[in-house]
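Everything on this sheet refers to the single structure shown next.
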Amino acid sequence: MKDFTQCRELAPYLTKTPAMRLGAPGKNGKLDLVFELDPDNKSIMRHWDRRAPLIVQQELYFDEGMPEMPCVYILSSGGPNVDGDRYENRFTVRKDAYAFISTGAATKIAEMIYNYSALKQTFVLEENAYLEYLPEATIPCRNSRYVTDTDIHIHPSATLFYGEIYTGGRKYYKDGELFVYDLLSVCTRAFRPDGTPLFREKMVAEPKRKSVRHVGVMHRYDVFANVIVLTPEKDAAQIYERTRVFIDREEELAVGITHLPNRSGLIFKVLGKETQPVKRIVREFCSAVRMQIKGKPLPEEFIWR
């Protein structure tokens, strides 16, 4: 597990949790999933290793837009992330394989007193691999601290759609609870298989110390989506040209896109007042990416999601 204590923003939150020690059973979840083609050229989840409270069941094939796509949902038996939780995910997509990964519900970061909750992720995409990673929104509650660190190792011919949605908190809880968490720290890095670095992006929000309501940060918006698309340069160029950027003051949405360094792909951002419209824009963008790479659209979202 990554040592997060070197992150300067975590310095005030290193007190050990008295109720359950850090890394105790039930507080140290782990997933290791590997997708590959079987002898019939069907993409399957060949290997999965799971440690509670993280749970993954067998892959399903319900995507009407791409019925050959194995779909996997990450579940948690422990409820929200609590003080001192540590999680680690590793997702590997072998040559020519493809998959869709999401979560069964929003990730809620519970109120904390002593420490923080952390997630370490590693993505490995081999030649011509394709992965859509679209978890439900992350909701940081009052006084919570949450840090994520993601490493992506991707072949130049592979495509990764990596989408995250962060809300400002429990907007409709009692009198509202927006941007009263202590810390949200999100770091993402990408590399080629030989270790060549592609880009690094880090976002740190400490709204109690410095407001995020300024122009150029969140301003009057409450929900933020950060989408990274790593794909071959020719595909990135066509996706970029077909993507509409706008500010819709009636629906209160703002959408932007730009190229990542080293011709590695695109980064797409959405701001909104509510989660569902932001999620809809992200899914529409994902559908455009899938059409470019696989020639098939993303289906309509299930009405209960």
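Taking each residue of the range 48-62 that is over 22 Å from Lys120 (Cβ atoms) and looking for partners that are open to solvent by 60 Å² or more (accessible area, probe 1.4 Å) with beta-carbon atoms closer than 8 Å, six or more apart or interchain, yields Gln57/Leu75; Tyr61/Pro67.
Selection over the range 163-176 of residues that are modelled with pLDDT of 95 or more, of a type outside the set (Val, Ile, Thr) and not in a loop (DSSP other than H, G, I, E, B) gives a count of 4.
With respect to Ile228, is the statement that it is modelled with pLDDT of 95 or more, open to solvent by 70 Å² or more (accessible area, probe 1.4 Å) and closer than 30 Å to Arg142 by Cα true? Let's see the steps before the verdict.
Working: modelled with pLDDT of 95 or more: yes; open to solvent by 70 Å² or more (accessible area, probe 1.4 Å): no; closer than 30 Å to Arg142 by Cα: yes.
It is false that Ile228 is modelled with pLDDT of 95 or more, open to solvent by 70 Å² or more (accessible area, probe 1.4 Å) and closer than 30 Å to Arg142 by Cα.
Residues that are in contact (Cβ under 8 Å) with a residue 60 or more places away in the chain, open to solvent by 10 Å² or more (accessible area, probe 1.4 Å) and not in a loop (DSSP other than H, G, I, E, B) within the range 126-145 comprise just one, Arg145. The residue that is surrounded by the most Cβ atoms within 10 Å (Cβ to Cβ), counting only those in the range 84-104 that are in a loop (DSSP other than H, G, I, E, B) and among the small types (Gly, Ala, Ser), is Ala97.
With the requirement that a residue be touching a Phe, Trp or Tyr at 6+ places or on another chain (Cβ under 8 Å) and not in a strand (DSSP E or B), what does the range 105-125 give you? I'd like the intermediate steps shown before the answer.
Going residue by residue through the range 105-125, those that are touching a Phe, Trp or Tyr at 6+ places or on another chain (Cβ under 8 Å) are 109, 112, 114-124.
Correct list: Met112, Tyr114, Asn115, Tyr116.
Taking the range 195-225 as the range and being open to solvent by less than 60 Å² (accessible area, probe 1.4 Å) and among the β-branched types (Val, Ile, Thr) as the test, the residues that pass are Val212, Val223. With respect to being assigned to a loop (DSSP other than H, G, I, E, B), open to solvent by less than 50 Å² (accessible area, probe 1.4 Å) and at pLDDT 95 or above, Gly256 falls outside the description. Residues in the range 61-78 include at least one that is open to solvent by 20 Å² or more (accessible area, probe 1.4 Å), of a type in the set (A, V, I, L, M, F, W, C) and outside any loop (DSSP other than H, G, I, E, B).
Residues are listed down the side, and each one gets a yes or a no for (1) at pLDDT 95 or above; (2) out of contact with any Gly (no Cβ under 7 Å at 6 or more places or on another chain):
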{"position": "Glu206", "(1), (2)": "yes, yes"}
{"position": "Val217", "(1), (2)": "no, yes"}
{"position": "Lys234", "(1), (2)": "yes, yes"}
{"position": "Tyr240", "(1), (2)": "yes, yes"}
{"position": "Pro261", "(1), (2)": "yes, yes"}
{"position": "Lys294", "(1), (2)": "yes, yes"}
{"position": "Pro297", "(1), (2)": "no, no"}
{"position": "Glu301", "(1), (2)": "no, yes"}
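Every listed requirement among (1) in contact (Cβ under 8 Å) with a residue 60 or more places away in the chain; (2) out of contact with any Cys (no Cβ under 8 Å at 6 or more places or on another chain) is met by Tyr172 save one, (1). The residues of the range 177-234 that are part of a loop (DSSP other than H, G, I, E, B), under 21 Å from the mean Cα position of the chain (by Cα) and free of Cβ contacts under 8 Å to residues at least 24 places away in the same chain amount to a single one, Val217. If you go through the range 270-289 and keep only what is part of a helix (DSSP H, G or I), under 11 Å from Val255 (Cα atoms) and touching a Leu at 6+ places or on another chain (Cβ under 8 Å), you end up with Val278, Ile281, Val282.
Scanning the range 1-12 for residues that are open to solvent by less than 80 Å² (accessible area, probe 1.4 Å) and among the basic types (Lys, Arg) yields a total of 1. Looking across the range 105-125, the residues that are open to solvent by less than 10 Å² (accessible area, probe 1.4 Å) and out of contact with any helix residue (DSSP H, G or I) (no Cβ under 9 Å at 6 or more places or on another chain) come down to Ile109, Ser117, Gln121, Phe123, Leu125. Among the residues of the range 11-21, just one is in a helix (DSSP H, G or I) and under 14 Å from Asp85 (Cα atoms), namely Tyr13.
Where residues in the range 13-58 are among the charged types (D, E, K, R) and in contact with a Phe, Trp or Tyr (Cβ under 8 Å, 6 or more places away or on another chain), which of them is most open to solvent (accessible area, probe 1.4 Å)? Before you say what the answer is, go through the steps one by one.
Of the range 13-58, the ones among the charged types (D, E, K, R) are 16, 21, 27, 30, 32, 36, 38, 40, 42, 46, 49-51.
Within this subset, residues satisfying the condition of being in contact with a Phe, Trp or Tyr (Cβ under 8 Å, 6 or more places away or on another chain) are 16, 30, 32, 46.
Numbers: Lys16: 160, Lys30: 71, Asp32: 38, Arg46: 118 Å².
Across the range 13-58, the extreme among qualifying residues is Lys16.
The values are calculated or read from the model by the stated rules, or taken from the named source; none is laboratory data. In this text, all values refer to a predicted model and were calculated from it rather than measured experimentally. Methodologically, a virtual Cβ is constructed for each residue, glycine included, from the backbone with ideal geometry; neighbour enumeration extends over all protein chains shown. With ligands, DNA and RNA removed, areas are computed over all heavy atoms of the protein, side chains included. Shrake-Rupley method; radii C 1.70, N 1.55, O 1.52, S 1.80 Å.
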